[in-house]
Amino acid sequence: MIIPEKNNTQNGLTLVEVLAALVILGIVFVGIMTVFPQMTLFNEKTGTKLDTMNLARQEMNTLTSTKYTESELSIIDTNTQKYVLDNTKIALNFKEKLNSSDSSNSYSVTLGTPTTEYDIYVVTKADSPLNYKLLFFKNAELTGAITLYKIILQVESDESSSKSETYGYIEVKKEAILLE
């Protein structure tokens, strides 16, 4: 008689194999979990950036929707004795429009350090974390019946140091201005 051999196939996992699988899964899980706080921080920064970007676009629309005439914005430059664009009036007009929905008058407009290319005005509000910086380019981009001056509006947030900027053009209509 022939004795059949026993089939020695195993159908289970050993304890060592289970522990090795748990260690590998643990390492992968820890690696994935470190991504979530970074994603949350990135989402917060992106949200703040989008808020300031939309605010910059909205305020730029406020600035560019106003049409100015040369006589409204012209002053005499003491060095050249020629009429030049008075950006202070635009900055003050911007401040007034910002202030129109607010009953308090806590906005201030200060002249930053001008460069050879542009003038800088900073519009701040005492209780707001946002600062507006207006950069007016001194040279016109387009001259004719309507002169276009490029303006850059930067919105800076103190709390997250987020900065957004947009640009547009201020329209200034020509009028007969007599130079003496």
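Each value in this text was obtained by applying a stated rule to the coordinates, not by laboratory testing. Everything numeric in this text was worked out from a predicted model, so none of it was measured. FYI the Cβ positions are ideal-geometry reconstructions off the backbone, even for glycines, and counts take in every protein chain you see.
Would you mind checking the pairs LYS45/LYS67; LYS125/LYS173; LYS45/LYS138; LYS138/LYS174 and listing those with alpha carbons more than 26 angstrom apart? Going by Cα-Cα distance, LYS45/LYS67; LYS125/LYS173; LYS45/LYS138 fall outside the 26 Å limit. Placing dummy labels 7 Å off each Cα toward the beta-carbon, the span from MET53 to THR110 is 3.0 nm.
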